[in-house]
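Notes follow the structure.
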Amino acid sequence: EKTGKVLGEFCRCYKEQFGVALFNSVRYEIEGAGGPQAQLLHRKVPLEDHVIYSGNIFQYIEENKKWRNRFCVVPHNYGLVLYENKLAYEREQPPRVLVNSAGYKILTSVEQYLELVNNSLPGVTPKSGHSPILKCPTDFPLVLWHPYARHYYFCVMTGKEQEKWRAVFQDCVRHCNNGISEDSKVEAPAFTDAIRMYRQSKEQYGTWDMLCGNETQVLSNLVMEELLPELRSTIGPRLKGKAPERQRTWIQVSDAVYRMVYELAKAQYDAAVARCEQERPQLESTIRTDMDQIITSKEHLASKIRAFVLPKAEVCVRNHVQPYISSILEALMAPTSQGFAEAREVFFKEVTDMNMNVVNEGGLEKLVEYMEKLSHLAFHPVKMQSCYEKMDQLKLEGLQQRFDVSSTSVFKQRAQIHMRQQMDDAVYTFETLLHQELGKLQGKDDLCKSIQRILERVLKKFDYDSSTVRKKFFREALLQITIPFLLKKLAPTCKGELAKFQELIFEDFASFILVENTYEEVVLQSVMKDIMQAVKEAAVQRKHNLYRDSMVMHNSDPNLHLLGEGLPIDWSEEYSGQPEAEPAAERRRRAKQVVSVIQDDEGALPYGAEALLQPGSPEPREPEEARAGVAPSPPDAVKEIREALARESLGDGAAEEEERLMNGTDASSPVPGAEVPPGTGTRRAAPAPPVPGAEVSSGGHPSAACHQRSDKETGEQGERSPPQPRGTTESGEGVQTEF
């Protein structure tokens, strides 16, 4: 009922905003809008056929209250995919859990987590001496916490592993939070404007932390924001048991309701979008036919609203906003500019180190190896962490309360996404220019000089684009902070009077001109001049290496953007001596993963670590054949298979393959007692039954399945690639949402 009510109101807002967004899109297409041209190239498919990271991690299984060793894969879409173990991953068995991490927070201490849990259910706090809801067997926990959905508990053995996993998880959250595609010029602005209008109709102004994830996730958060307090007051008093048990039950109830809301919201939103798309051709035809009349009508409406609103808005800006603009800008500029400067430094260091290593170690062959690593620098969570951390310094102090900014996380994540994009643009431009030069070079000295010369050119382009991107970010952030504040201040005197302007809009144009939107544009104009002036002054003073707007970088590479339109560069294919007719499937199989796996002895997860973490709860390990319904193979058959595999592996780097498969842990048959809960279905073909007796044991070799992996799978840590998880959609327990 609550979902239907909220979605009904939202879909009405969405339909109104769809027409406005469509008009703006067509008008932009016809009139265009000039801006500084980016100097760096933009890569179209940054992470095709790669995985970000994969490795072993301990997960707490709530069903049996035990810690289990899991193999976690982070594919290029940044979902978290958890398998029983590495062998299950190699054999393409269904994953245990799929997690879309949008809206989650990464916690690295149990105390942080317990504080959030205690706050989620007021009045229910474990007494001193009672066991808390979670105990971690090591000093290095990683908890994924969500205000509505289920929580995920992990731990590792060392601080170094914890730092790496935290960086990886944070990258997943950052990427998944940014789930609304900016490529959509109509649906995306219509959706975000409809969300804003809906919340403002409920007197909720300012930034919203839960505007994260895809459209359905955002709508689910919108419903849960209203539903959860009612749910808590109704169900909270009826929960039974000790405090930790009541907290655990409440988390499960909240998660179950969130899933129900998600499904209902998805169905209603999809239906609303389909209706709008059905009407789109007719609307677009009207816009193109009557564009001039629509613009004239809108300008007439804007002039009337401006005459009414602008005097009040200007007084409000002068008294409540203007004195604080420079303070807000300075608070934004320092950490953001430090982050971009760090990104520049990381790029410079990586290329310089590569240049030295190529000269010292052997020319073109080494260049190919290093360029493959460099090409994914922007998507390396650990190497980029030093850039992202600069944004942690962002604090608006008293300004945050004055302007009703609930959290700075919105601005932090936006700046971090800009840093990653800027880094990838720099890397892609560098490799495109270097690729163009390679055919003309002779010897190591030429190569070294060419790399240095191209690096300097790219850094100049980086500085120019960095200034452009940061100035735009500062302007948008200042508007995002001040406009909701102004709208809230002006609402008592202005909002009630807006209805009288409705009669100024022709009925034929009512789908493209809205009084509320025009009113907001007038309010924006009242403060825009001060914001533009503040950013301009910062650039004139060369604060934080910002360039003046009047500075135009002449395009020294007129054909560079044409180069960027070509096919992606495959360094290993072109320069590593591979046969020209190598099939695409084989190229995918050789794909590398972006972050290397930790190989520290202290960080290894030894065989039987689950038992060590859960003393006193040993479980018998059934043979895999028995669980699969296959009769156990006789010892001779096992021996024959292993000998055959050993012979097959001799020319194929068997030692490296075994080391990579083991990765510090035993990858034999899955742990009993941790099966996928009933009802967890998977929309994918069931894997073939495992080869009897072919599991890995000490001194053994990977099973035949490992040597016959699907060509569709990608991403590897060594020279052979484990399969990349498919984009399957799972339902039921243990699966967060589709991604």
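Bear in mind that the values in this text are calculations on the coordinates, not laboratory data. Keep in mind it's a predicted model, so treat the numbers as computed, not measured. Using ideal geometry, Cβ is built from the backbone for each residue, glycine included, and neighbour counts are taken over all protein chains shown.
Whole-Hz ³J(HN,Hα) for each residue in region 275-292, computed from phi via Karplus 6.51 cos²θ - 1.76 cosθ + 1.60 with θ = phi - 60°, x for glycine and proline: what do you get?
Computed from phi, the couplings for region 275-292 are 5, 5, 5, 5, 7, 4, x, 5, 4, 5, 4, 4, 4, 5, 6, 10, 3, 4 Hz.
When the Cα centres of region 163-213 and region 358-413 are compared, how far apart do they sit, in Å?
Each part reduced to its Cα centre gives a spacing of 20 Å.
Rank by packing, highest mean first: peptides 9-18, 264-273, with packing defined as the count of other Cβ atoms within 10 Å averaged across residues. Walk me through the numbers on the way to the answer.
On the way: 9-18: 20.9, 264-273: 17.6.
Per-residue Cβ counts within 10 Å, averaged per peptide and sorted highest first, yield 9-18, 264-273.
Taking R0 as 60 Å, what FRET efficiency do you get between Glu111 and Arg275 from their Cβ-Cβ distance, rounded to the nearest 0.05?
After rounding, the FRET efficiency stands at 0.75.
Quote the relative contact order of region 51-177 in percent (integer), defining contacts as alpha-carbon pairs under 8 Å separated by 6+ residues.
Value for region 51-177: 25 percent.
Pull up all non-local amide H partners of Ser101: gap of 5 or more, or a different chain, and H-to-H distance under 5 Å with H placed in the peptide plane.
Residues meeting the amide H criterion: Leu80.
For a label point 7 angstrom out from the Cα of Lys160 toward its Cβ, which stretches of region 372-389 have the backbone nitrogen within less than 18 Å?
So the set is 381-386.
Give, as a single signed number, the net charge of other residues whose beta carbon lies under 10 Å from the beta carbon of Leu211, with Lys and Arg counted +1 and Asp and Glu -1.
Cβ neighbours under 10 Å give a net charge of +1.
Collect residues whose amide H, placed 1.01 Å from N in the peptide plane, falls under 5 Å from the amide H of Phe58; neighbours closer than 5 in sequence don't count.
Arg70, Cys155
Could you calculate the contour length gain from Lys373 to Thr296, that is, 0.36 nm times the residue separation minus the distance between their Cα atoms, to one decimal place in nm?
22.3 nm
Quick one: if you stick a label point 7 Å off each Cα along the C-beta vector at Glu245 and Glu456, how many nm between them?
7.4
Along the charge dipole of region 51-177, pointing to its positive end and built from +1/-1 on Cβ of Lys, Arg, Asp and Glu, which listed residue (Asn77, Ile133, Ser101) has its Cα farthest out?
Ile133
Ranked highest first by average number of other Cβ atoms within 10 Å, how do 207-214, 390-397 line up?
Per-residue mean Cβ counts within 10 Å order the peptides as 207-214, 390-397.
Determine, from the Cβ-Cβ distance of Ser407 and Val359 and an R0 of 45 Å, the FRET efficiency 1/(1 + (r/R0)^6), rounded to the nearest 0.05.
Approximately 0.40, to the nearest 0.05.
Using the Cβ atoms and a cut-off under 11 Å, what net charge is assigned to the surroundings of Val358, where Lys and Arg are +1 and Asp and Glu are -1?
Residues close to Val358 contribute a combined charge of -2.
If contacts are Cα pairs under 8 angstrom and at least 6 residues apart, what is the relative contact order of region 353-496 in percent?
28
Give me the net charge for the shell around Val110: Cβ to Cβ below 11 angstrom, other residues only, Lys and Arg +1, Asp and Glu -1.
-2
Name the residues of region 198-226 whose amide N is less than 15 Å from a point 7 angstrom out from the Cα of Ala491 along the C-beta direction?
Label zone hits: 198-208.
Order the peptides 72-83, 153-164 from the highest to the lowest mean number of other Cβ atoms within 10 Å of their residues.
Packing order, densest peptide first, comes out as 72-83, 153-164.
Using label points projected 7 Å from each Cα along Cα→Cβ, tell me how many nm separate Ser326 and Lys395, to one decimal.
2.2
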